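See structure below.
The values are calculated or read from the model by the stated rules, or taken from the named source; none is laboratory data. Just so it is clear, the structure is predicted and the values come from calculations on it, not from any experiment. Neighbour counts run over all protein chains shown; Cβ positions are idealised from the backbone, glycine included.
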Amino acid sequence: MTAISRIVNDRNFVKVEHLGFDALYMKLEAFNAAGSIKMKTALGMVDDLETQGRIGPQTVLIESSSGSLGVALSVICAERGYRFVCVVDPNASPSNVKVMKALGAEVVVVDRRDANGGFLGTRIAYIHDAISRNANYLWLNQYANPQNPRAHFHATAPAIAEAFESIDYLFVGAGTTGTLMGCVEYFTQYRPATKIIAVDAVGSVTFGGNSGPRHIPGLGTSRRPEIFCADGIHALEMVREIDTIAMCRFLARSNGILAGGSTGTVLAGVIAWQDRIPADAVVVAISPDMGERYLDTVYDDEWVASRFGAIPQWSLPLNHSAPSRALA
């Protein structure tokens, strides 16, 4: 028997059909406890603090999250009896917020946009203020914490490598870039022939692009994470949110995969590379979460129409307006 936070399923892969690839596979992270890849990030950071003896009876853990990490930390803190404050913004999935509250977390919503048009800077400013006023508050800081990429170097990346004799292309979404950095470090050392393609959302500034409004939580930032480094990334693909939505809906209708927003973005990035990938190539994409917590957003026609002015079609090809950029 094991604690709920230790349930990490790193061996779930599915072949994706009807997207024009002979060997396209997704690594499904939704079967981890808390329902996303962020369970590994959360475990790595909390376990490290415990090892250092930094969590005491009066400690209040605090973190900024677009949703999935907040849920994962809520699970761990409920399991271990820690107080947890999660700072989110209006783009957070209502379902994720409800889950965090049900698990006993305190959820703070900030609604002022930062200098880059997003909310991340505002969330972090709130945390800085909170920890300056209360010595019991302890910020996990997924954006600068080396345990974030380390968790994926030790778990996510080797699980992918062990599942395939060879991988030609690995597509990884860029949010805090913890998964991306962990995979880049591992594959650079042990499987250097694999080309890693980073996928980000249009409007994100991580790779130096122009800032802009984003509505789907998960990938993209309005502030470059401290852990990010472009070294070892073969190329970058930027994806519009309308294409993310179209891909999510296409996967549901064509493959029976109810994908989360981050997954839709990554797969839309794969489609943008279709003409550049040989027919016999092995392609793997990391699916951070599934779509149950996006039913009120990505899969809701009224929500989509109110933000994008149109409902995306169910069929391919998708209309990618943002060109890819070589990084290596």
Scan the stretch 81-89 and tell me whether some residue there is buried (at least 21 other Cβ atoms within 10 Å of the Cβ), in the same structural domain as F228 (by TED's automatic domain parsing) and at pLDDT 95 or above.
no
Sort out for me the helices (runs of 4 or more DSSP H) sitting completely within the stretch 74-171 that have 1 or more residues that are more than 20 Å from K38 (Cα to Cα) and without any contact (Cβ under 8 Å) to a residue 24 or more places away in the chain.
120-133, 157-163
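Taking into account only those residues within the stretch 208-267 that are assigned to a loop (DSSP other than H, G, I, E, B) and charged (D, E, K, R), which is farthest from D296 (Cα to Cα)?
Taking the stretch 208-267 and keeping what is assigned to a loop (DSSP other than H, G, I, E, B), we get 208-234, 240, 256-258, 260.
Pick out the ones that are also charged (D, E, K, R) and you get 214, 223-224, 226, 231, 240.
Working: R214: 16, R223: 27, R224: 28, E226: 32, D231: 37, R240: 19 Å.
The residue in question is D231.
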Looking across the stretch 268-299 at residues that are in a helix (DSSP H, G or I) and acidic (D, E), the single one that is farthest from G175 (Cα to Cα) is D275
Members of the stretch 201-219 found to be free of Cβ contacts under 8 Å to residues at least 60 places away in the same chain and surrounded by 18 or more Cβ atoms within 10 Å (Cβ to Cβ), listed by number
S204, T206, L219
Applying the selection to the stretch 197-252, what residues are among the charged types (D, E, K, R), out of contact with any strand residue (DSSP E or B) (no Cβ under 8 Å at 6 or more places or on another chain) and closer than 20 Å to L24 by Cβ?
D243, R249
List every residue pair whose Cβ atoms lie under 7 Å apart, where the two residues are 6 or more positions apart in sequence or sit on different chains, the first residue falls within the stretch 301-314 and is outside the structural domain of N91 (by TED's automatic domain parsing) and part of a helix (DSSP H, G or I), and the second residue, located anywhere, is at pLDDT 90 or above and not basic (K, R).
W303/D296; W303/T297; V304/I245; F308/I242
Which one is modelled with the lowest pLDDT among residues in the stretch 64-73 that are out of contact with any Gly (no Cβ under 7 Å at 6 or more places or on another chain) and not in a helix (DSSP H, G or I)?
G67
Residue in the stretch 15-36 that is within 29 Å of N134 (Cβ to Cβ), touching a Leu at 6+ places or on another chain (Cβ under 8 Å) and part of a helix (DSSP H, G or I) present
no
Which of the residues that make up the stretch 73-96 are more than 18 Å from the chain's Cα centre (by Cα) and either more than 21 Å from G121 (Cβ to Cβ) or among the polar types (S, T, N, Q) (or both)?
I76, C77, A78, E79, R80, G81, Y82, R83, F84
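Residue by residue, here is whether (1) touching a Leu at 6+ places or on another chain (Cβ under 8 Å); (2) under 22 Å from D10 (Cβ atoms) holds:
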| residue | (1), (2) |
| --- | --- |
| Q142 | yes, yes |
| F153 | no, yes |
| D168 | no, yes |
| G178 | no, yes |
| V199 | yes, yes |
| G212 | no, no |
| R223 | yes, no |
| A235 | yes, no |
Residue within the stretch 232-253 that is surrounded by fewer than 22 Cβ atoms within 10 Å (Cβ to Cβ), in contact (Cβ under 8 Å) with a residue 24 or more places away in the chain, in the same structural domain as L24 (by TED's automatic domain parsing) and at positive phi present
yes
Within the stretch 153-170, how many residues are in contact with a helix residue (DSSP H, G or I) (Cβ under 9 Å, 6 or more places away or on another chain) and either among the acidic types (D, E) or surrounded by fewer than 23 Cβ atoms within 10 Å (Cβ to Cβ) (or both)?
7
Of the residues E50, E79, which single one is out of contact with any strand residue (DSSP E or B) (no Cβ under 9 Å at 6 or more places or on another chain), within 30 Å of D296 (Cα to Cα) and of a type outside the set (G, A, S)?
E79
